[in-house]
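Asker: To start, I am sharing the structure in question, which I have written as structure tokens.
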Amino acid sequence: MRGLPALLIAALAAATPARADDFRTPTVTTLRTDWSAALSQLRSELGGRPAVAAEFIFSGRRGLRAYDPRRIPALVRLNAISARFFPGIGRSAVPVLLPFDVAALLDADPKAEPDQALLLRVQAGFRPVEMFDAGPSGYDAVFALEPGAGDDMPPRVFASPVEVQITGSNLIYDIADPFGGKGEPVKALAAQYPDLRRFIREGHVRYAFTRFGVAYVVSIQCLDSVPKARRLACRESYPVAERFLTALRIAGGRPHRPRRDIEPAIAERPTALSPDFSYRPSGDIIANSGFRKQQGRPDFTVYAQMRFPIENQPAYARSQSYARHRPAVGGNGPYAYPWRDNFCESRSFGVGQCATGFGHQGQDIRPGACLPGQADCDVKQQGVVAVRDGVLIRSPKQQAVTLQVNTSREHIRFRYMHMNPWELDADGVLNGRRVDEGERFGVVGNYLDRPNGTSRHLHFDVQVFTPDGWLWVNPYVTLIAAYERLLGERGSEIVPEAAFPPAVARAGPEE
């Protein structure tokens, strides 16, 4: 049985008629960049090196539009130098701040190809960039510091390099954020960053500040507790992040045509009703499955008009950690409609959009191509595809892949989890790889710290950029809209009712 009986679907359609305005797109604020201030800072950074500054022309042709690159030839020259190390840096619509001292690079030998030692020196000891992506909304970069690099670093030798991410964005997603805007100043950096605030949120230590009217956030993934053998404690990461911040210089970027704020609109959805696909409302999680028995949080925002992340239908967005004792296929089992939200299910992960600040961070999805007990099943039928054109963020050996989108109207991330890391490494699914919407780059897996560590499913989540950096938002309604586009039909919403007993049982590992 693929879905609900036809008579029940008809009854549901009559009880809950399709509405055109139930799902809406997000509100996004567009920040205005002060390029005059950026140019003044660039002059200041080059001022102590007259020979280097002489290579830059700071005044260009008058009478041109503000975003015409001929008006600011210094940025054209700067982008040409930096693009050897950060391809596409001139696409950034905001000033690109990186731990990259262009003046020191040119002082050394402007014509020579820099070796590893020189690059480490001009990048404050950080390795060559792991990932760099620039576009109309700004830029993102990932750098790494080797274990034990620098005398001022923590004495403990970490099991792997410490990765530092930085984002500069002129797009800010307006979300209800009860934990937002908090933090503490960093006295040692107050002169360089007067409004800098440091705080720990959603598994990262973050440093947020504004410069040139743009929002910047530097972050390191960490464990907010005592150090562990293979995990960095957040407080241990402070010196790494602050070394990174101290080394930031203007490395490129150029003005773009000004844009207006992006107002919410009705999300596009099919009009024909599906005879099979049904779903429970956003926020309607399984009873007692939330952290400290919290309820779910309704969110009817379609954060992106995207392709569904699993290649083929049917697929089932159902909890894999909480389930009733029912048959595995059909009925109320995990391979059946209706879908159900599990964004705020109980986990130890920080999620500011859930009531207690803890939740699942995303949505579990099971593909229907391979059902339990199906002897002739080929797991390669369960393809995972890019939901949008974008760039991948993933270091070797990681089982999570993040797809980032940077356009004039979006600065958003989508994360895929539980795929086999060795297969991803072999297939070149690594930092900086560009993919097209619908492009296949893996298969649904069951990897969680080890092979067969969880049931076969895809954990999919969405992050949007805010003044506190990249934060998780509920992907459930975004997935509903994407699945409807895959089907070409509209699903039926099932109003919560007491048809099933509330008792639940843990049925698998957490993820």
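Asker: Kindly evaluate VAL205 against the criterion of being within 21 Å of VAL462 (Cβ to Cβ) and either hydrophobic (A, V, I, L, M, F, W, C) or at pLDDT 90 or above (or both). It would help to see each step written out before you state the result.
Answerer: Details: within 21 Å of VAL462 (Cβ to Cβ): no; either hydrophobic (A, V, I, L, M, F, W, C) or at pLDDT 90 or above (or both): yes.
Here the answer is no, as VAL205 does not meet what is asked.
Asker: Could you say whether any residue in region 319-326 is of a type in the set (A, V, I, L, M), modelled with pLDDT under 85, open to solvent by 20 Å² or more (accessible area, probe 1.4 Å) and not in a strand (DSSP E or B)? Don't jump to the end; show me each part of the working.
Answerer: First, pick out the residues of region 319-326 that are of a type in the set (A, V, I, L, M): 323.
From what is left, the residues that are modelled with pLDDT under 85 are 323.
After this cut, where a residue has to be open to solvent by 20 Å² or more (accessible area, probe 1.4 Å) as well, the list is 323.
Remaining after also requiring not in a strand (DSSP E or B): none.
No, region 319-326 contains no residue that is of a type in the set (A, V, I, L, M), modelled with pLDDT under 85, open to solvent by 20 Å² or more (accessible area, probe 1.4 Å) and not in a strand (DSSP E or B).
Asker: Among the residues of region 267-324, count how many are free of Cβ contacts under 8 Å to residues at least 24 places away in the same chain and within 21 Å of the chain's Cα centre (by Cα).
Answerer: Our first condition is that a residue be free of Cβ contacts under 8 Å to residues at least 24 places away in the same chain; within region 267-324, this holds for 293, 298.
Applying the additional criterion that residues be within 21 Å of the chain's Cα centre (by Cα) yields 298.
Selection size over region 267-324: 1.
Asker: Quick check on this structure: which one of ASP151, ASP101, ASP133, ASP177 is modelled with pLDDT of 95 or more, at negative phi and among the acidic types (Asp, Glu)?
Answerer: Of the residues listed, the single one that is modelled with pLDDT of 95 or more, at negative phi and among the acidic types (Asp, Glu) is ASP133.
Asker: Testing PHE126 on (1) at pLDDT below 95; (2) open to solvent by 40 Å² or more (accessible area, probe 1.4 Å); (3) closer than 27 Å to ILE412 by Cα, one condition comes back false. Which one is that?
Answerer: (2)
Asker: List, please: which pairs have Cβ atoms under 6 Å, are six or more places apart or on different chains, and start with a residue in region 36-59 that is over 23 Å from VAL214 (Cα atoms) and end with one that is open to solvent by 40 Å² or more (accessible area, probe 1.4 Å) and not small (Gly, Ala, Ser)?
Answerer: That search, which allows pairs on different chains as well, returns PHE56/ARG77.
Asker: Being within 15 Å of ASN446 (Cα to Cα), modelled with pLDDT of 95 or more and out of contact with any Ser or Thr (no Cβ under 9 Å at 6 or more places or on another chain) is the filter here; which residues of region 385-422 pass it?
Answerer: Hit for region 385-422 is VAL401, nothing else.
Asker: Also, quick follow-up: State all residues of region 189-198 that are under 25 Å from GLN353 (Cα atoms) and open to solvent by less than 20 Å² (accessible area, probe 1.4 Å); if no residue qualifies, say none.
Answerer: The answer is LEU196, and nothing else.
Asker: Further question: Would you confirm whether any residue within region 269-277 is within 30 Å of GLY491 (Cβ to Cβ), of a type in the set (Ser, Thr, Tyr) and either at pLDDT below 95 or open to solvent by 30 Å² or more (accessible area, probe 1.4 Å) (or both)?
Answerer: Within region 269-277, one or more residues are within 30 Å of GLY491 (Cβ to Cβ), of a type in the set (Ser, Thr, Tyr) and either at pLDDT below 95 or open to solvent by 30 Å² or more (accessible area, probe 1.4 Å) (or both).
Asker: Further question on the same structure: Do you know which of the residues in region 434-463 that are at pLDDT below 95 and touching a Phe, Trp or Tyr at 6+ places or on another chain (Cβ under 8 Å) is nearest to ARG366 (Cα to Cα)?
Answerer: Among them, the one singled out is LEU458.
Asker: Residues in region 20-52 that are in contact with a strand residue (DSSP E or B) (Cβ under 9 Å, 6 or more places away or on another chain), surrounded by 11 or more Cβ atoms within 10 Å (Cβ to Cβ) and at pLDDT below 85: how many?
Answerer: 1
Asker: Of the numbered conditions (1) in contact (Cβ under 8 Å) with a residue 24 or more places away in the chain; (2) within 20 Å of the chain's Cα centre (by Cα), PHE212 satisfies every one except a single condition; which is it?
Answerer: Checking PHE212 against (1) in contact (Cβ under 8 Å) with a residue 24 or more places away in the chain; (2) within 20 Å of the chain's Cα centre (by Cα), the one that fails is (2).
Asker: Evaluate the following for ALA251: is it over 22 Å from the mean Cα position of the chain (by Cα), open to solvent by 50 Å² or more (accessible area, probe 1.4 Å) and hydrophobic (A, V, I, L, M, F, W, C)? Don't jump to the end; show me each part of the working.
Answerer: On the way: over 22 Å from the mean Cα position of the chain (by Cα): yes; open to solvent by 50 Å² or more (accessible area, probe 1.4 Å): no; hydrophobic (A, V, I, L, M, F, W, C): yes.
Answer is no for this residue.
Asker: A further question follows. Pick from GLY350, GLY362, GLY357: which is open to solvent by less than 50 Å² (accessible area, probe 1.4 Å), modelled with pLDDT under 90 and in contact with an Asp or Glu (Cβ under 7 Å, 6 or more places away or on another chain)? Outline the logic, then answer.
Answerer: Values: GLY362 fails: modelled with pLDDT under 90; GLY357 fails: in contact with an Asp or Glu (Cβ under 7 Å, 6 or more places away or on another chain).
From the options GLY350, GLY362, GLY357, the qualifying one is GLY350.
Asker: Quick one: in region 221-248, of everything that is open to solvent by less than 40 Å² (accessible area, probe 1.4 Å), under 23 Å from the mean Cα position of the chain (by Cα) and at pLDDT below 90, which residue is nearest to PHE85 (Cα to Cα)?
Answerer: The qualifying residue nearest to PHE85 (Cα to Cα) is SER237.
Asker: Assuming GLU423 fulfils every condition listed in (1) closer than 30 Å to LEU31 by Cα; (2) surrounded by fewer than 17 Cβ atoms within 10 Å (Cβ to Cβ) apart from one, which condition is it?
Answerer: Failed condition: (1).
The values are calculated or read from the model by the stated rules, or taken from the named source; none is laboratory data. Keep in mind that this is a model prediction, so the values were computed, not measured. Backbone-built Cβ (ideal geometry, glycine too); neighbour counts: all protein chains shown. Accessible surface is based on the protein model in full, side chains and every heavy atom, while ligands, DNA and RNA are left aside. Shrake-Rupley method; radii C 1.70, N 1.55, O 1.52, S 1.80 Å.
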